[in-house]
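*Asks:* Pasting a structure here, questions to come.
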Amino acid sequence: MKPANEDRARRWARLSETRDWDLAVVGGGATGLGVALDAAARGFSVALVESHDFAQGTSSRATKLVHGGVRYLAQGNVNLVREALHERAAMLSNAPHIAQPLPFVMPGYHWWERGFYGTGLKLYDALAGERGLGATEWLGSGQVRTLLPGVQPRGLWGGVKYWDGQFDDARYAVLLARTAAARGAVVLNHCAAVALQRRDGRVQGVVVRDAETGAEATLSARCVVNAAGVWVDTLRELDREAGAAPRKPLVAPSQGVHLVVDRRFLPGTHALLVPKTADGRVLFAVPWLGKLILGTTDTPREDLAREPQPFPAEVDFILRESARYLQQAPRREDVRSVWVGLRPLVRHDGEAGDTKALSREHTVLVSPGGLVTVTGGKWTTYRAMAEDVLDRCMAQGLLPRRPAGATARLQLVGAAPGRSLTAPPGEHLYGSEAAALRGLPGAEHWLWRDGDGGLSEAMVRFAARHEAARTVEDVLARRSRLLFLDAAEAGRLAGVVATILGDELERELDPAPFEALAARYTRLP
Ligand SMILES: Cc1cc2nc3c(=O)[nH]c(=O)nc-3n(C[C@H](O)[C@H](O)[C@H](O)COP(=O)(O)OP(=O)(O)OC[C@H]3O[C@@H](n4cnc5c(N)ncnc54)[C@H](O)[C@@H]3O)c2cc1C
């Protein structure tokens, strides 16, 4: 058996043969993986199952910012911002090869904007304290044009420069999974929780099904954590006593769209932030892995599609507002990828409907049967959320007390000094594992090239052997981010990636499903 299949078989054997887990976690996004890593780092025995791939849900579809959230500051939510700024520093220092500081410029087109926003950002600096990444600076219009070549110069008064961070969200998730595994956790993707095991009205475990083999196993656990993102309510329903009234949904999903275009629309290494567009929303133009991300939107939606589609008005909004702030307006035909994520906003009674008014903080709920559900929050605060979850589990007597703080300075697998994430993807994203990558067959066989990086045959093999990639989509959407950067190019590579991955997994893989997915990422409504 080849290493990738051997590794998966070993994980399944441990999952199905272990008698009693301290913790079973459902959901392999930022939230669930953060909980699994923290618990494993504290010495608990942990199993985590993810029905699709790590970060296949919301956690691969973020704006890629590691941030305190300047707009929450504008809403007066100082505690949320202070916590996020603290977490920003931890995220950057624990995986510096895939999470880096990023300078932002807010261009001002009204006389008052520079002073107004600059003062707010000085407060942002003060809240970050010694964890600050660089001081906020007031800029003249010439300086703004230098830092943001491509910005609309007409009517420009000046601007403000400040610092936040950016990261590769899906790769960060995979590293959380790998680091948790290195600490003894069993983490398995393509394996869904299909039922809860209940005894005497208490949740005592979870029934899981391996999507590859159809095999089922029951994981008995002292504590079950439901970290299924926007899908948490489905698992909460399974926790309902027969005959009891349906539970009120916890989540109000809100959709966010991003468009990706070439860097020529905003060359340079600074991101552009418009804090208040014509209709009061925020607009980002963020250089990322050799391309430019434009976004995002905040649109309530009822369904929970795995691949939500953008609404025409969302695409129009992003293009229209980008055209106001960029000298050269991106057109529909310039868009290389369009992707959509669902925010798991926490619904509070009386606030349904307007998701901008719903909570961006997280919620931890413990059901009468002992199911621990966590949702909401943001990527940047995943670590603090995990600490809150474990604290609740301990307070409820589901786990014995063990001190928090185990992950504050826990370096993720491969952590090494990094390079700006504005550069095209390449070996630098593998940190200290770059040498191991280079030792694999096909290190010089480039399937796609961008600058001195791209996607090599060795990267596909590495994804199978070390990063638990099981499908063409796992490779092209989340180990490499090509689907998000250039969907047409990703579609073209489906066949060759299927061949290399098929060799690693000892089976024939059909590229057609991924080709269809890539086509959707190229299509604007
Ligand atoms: C458009 C947008 C932009 C954003 N930008 C940022 C940003 O720049 N910075 C930031 O900090 N935050 C950002 N966020 C927020 C952040 O992305 C989310 O808060 C975070 O990713 C949520 O992670 P999660 O693990 O809770 O959910 P998910 O990532 O959705 O993970 C839940 C997982 O559970 C799995 N699952 C569901 N049911 C089952 C089951 N029965 N069995 C097993 N597994 C199951 C799903 O497949 C999924 O992978 C953004 C969000 C959106 C939507």
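The values are calculated or read from the model by the stated rules, or taken from the named source; none is laboratory data. Since the structure is predicted, the reported quantities are computational estimates derived from the model, not experimental observations. As a convention, Cβ positions derive from the backbone with ideal geometry for all residues, glycine included, and neighbour counts pool all protein chains shown. Please note that ligands, DNA and RNA were not included when accessible areas were found on the heavy atoms of the full protein model with its side chains. Shrake-Rupley method; radii C 1.70, N 1.55, O 1.52, S 1.80 Å.
*Asks:* From the list E427, E433, E444, E508, pick out the single residue that is open to solvent by 10 Å² or more (accessible area, probe 1.4 Å), without any contact (Cβ under 8 Å) to a residue 12 or more places away in the chain and not hydrophobic (A, V, I, L, M, F, W, C).
*Replies:* Answer to the check: E508.
For every residue, the table says whether it meets (1) β-branched (V, I, T); (2) within 24 Å of W288 (Cα to Cα); (3) touching a Gly at 6+ places or on another chain (Cβ under 6 Å).
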{"site": "G76", "(1), (2), (3)": "no, no, no"}
{"site": "V81", "(1), (2), (3)": "yes, yes, yes"}
{"site": "Y109", "(1), (2), (3)": "no, no, yes"}
{"site": "G134", "(1), (2), (3)": "no, yes, no"}
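*Asks:* Which numbered condition in (1) open to solvent by 30 Å² or more (accessible area, probe 1.4 Å); (2) touching a Phe, Trp or Tyr at 6+ places or on another chain (Cβ under 7 Å); (3) small (G, A, S) is the only one that A221 fails?
*Replies:* Result: A221 passes all but (1).
*Asks:* Every residue in segment 261-304 that is part of a loop (DSSP other than H, G, I, E, B), under 22 Å from the mean Cα position of the chain (by Cα) and of a type in the set (D, E, K, R), please.
*Replies:* Those that are part of a loop (DSSP other than H, G, I, E, B), under 22 Å from the mean Cα position of the chain (by Cα) and of a type in the set (D, E, K, R): R281, D298, R301, E302, D303.
*Asks:* Limited to segment 26-52, what total is found for residues that are more than 7 Å from the ligand (Cβ to nearest atom) and among the small types (G, A, S)?
*Replies:* Matching residues across segment 26-52 total 8.
*Asks:* Taking the criterion of being open to solvent by 60 Å² or more (accessible area, probe 1.4 Å) and either polar (S, T, N, Q) or modelled with pLDDT of 95 or more (or both), would at least one residue in segment 344-361 satisfy it?
*Replies:* no
*Asks:* Could you please find all residues in segment 511-520 being buried (at least 18 other Cβ atoms within 10 Å of the Cβ) and either touching an Asp or Glu at 6+ places or on another chain (Cβ under 7 Å) or under 26 Å from H428 (Cα atoms) (or both)?
*Replies:* F514, L517, A518
*Asks:* Let me ask something else about it. Say whether the condition of being of a type outside the set (D, E, K, R), surrounded by 24 or more Cβ atoms within 10 Å (Cβ to Cβ) and modelled with pLDDT of 95 or more is met by at least one residue in segment 415-422.
*Replies:* Within segment 415-422 (the criterion being of a type outside the set (D, E, K, R), surrounded by 24 or more Cβ atoms within 10 Å (Cβ to Cβ) and modelled with pLDDT of 95 or more), the answer is yes, since at least one residue qualifies.
*Asks:* Sort out which residues of segment 448-498 are open to solvent by 20 Å² or more (accessible area, probe 1.4 Å), part of a helix (DSSP H, G or I) and in contact with a helix residue (DSSP H, G or I) (Cβ under 7 Å, 6 or more places away or on another chain), and write them in order of number.
*Replies:* Answer for segment 448-498, where residues must be open to solvent by 20 Å² or more (accessible area, probe 1.4 Å), part of a helix (DSSP H, G or I) and in contact with a helix residue (DSSP H, G or I) (Cβ under 7 Å, 6 or more places away or on another chain): E457, R461, R465, E473, A488, E489.
*Asks:* Are any residues in segment 228-260 within 13 Å of the ligand (Cβ to nearest atom), in a loop (DSSP other than H, G, I, E, B) and at pLDDT below 95, and if so, which ones?
*Replies:* The answer is D239, L250.
*Asks:* I need the full set of residues from segment 102-131 which are closer than 30 Å to R481 by Cβ and either more than 27 Å from the chain's Cα centre (by Cα) or surrounded by fewer than 19 Cβ atoms within 10 Å (Cβ to Cβ) (or both), in order please.
*Replies:* Hits for segment 102-131 are P103, P107, R131.
*Asks:* Output the qualifying pairs, or none if there are none: Cβ atoms under 6 angstrom, residues six or more apart or on different chains, first residue in segment 402-414 and at pLDDT 95 or above, second residue of a type in the set (S, T, N, Q).
*Replies:* Q411/N94; L412/N94; L412/T179; V413/T179; G414/S432
*Asks:* Considering only segment 233-273, state which residues are in contact with an Asp or Glu (Cβ under 7 Å, 6 or more places away or on another chain) and either buried (at least 23 other Cβ atoms within 10 Å of the Cβ) or β-branched (V, I, T) (or both).
*Replies:* Those that are in contact with an Asp or Glu (Cβ under 7 Å, 6 or more places away or on another chain) and either buried (at least 23 other Cβ atoms within 10 Å of the Cβ) or β-branched (V, I, T) (or both): V251, V257, V261.
*Asks:* Starting from segment 276-297, take each residue that is in contact (Cβ under 8 Å) with a residue 24 or more places away in the chain and list its partners that are among the basic types (K, R) and open to solvent by 20 Å² or more (accessible area, probe 1.4 Å), counting only C-beta distances under 7 angstrom and pairs at least six apart or across chains.
*Replies:* What qualifies is V282/R71; P287/R263; G290/R263; K291/R263; K291/R336; L292/R263.
*Asks:* Mind telling me which of the residues R14, R19 ends up being over 22 Å from A99 (Cβ atoms) and modelled with pLDDT of 95 or more? I'd like the intermediate steps shown before the answer.
*Replies:* Values: R19 fails: modelled with pLDDT of 95 or more.
Among R14, R19, only R14 is over 22 Å from A99 (Cβ atoms) and modelled with pLDDT of 95 or more.
*Asks:* Residue by residue through segment 53-82, note down the ones that are within 12 Å of the ligand (Cβ to nearest atom) and surrounded by fewer than 20 Cβ atoms within 10 Å (Cβ to Cβ).
*Replies:* Within segment 53-82, R71, Y72 meet the criteria.
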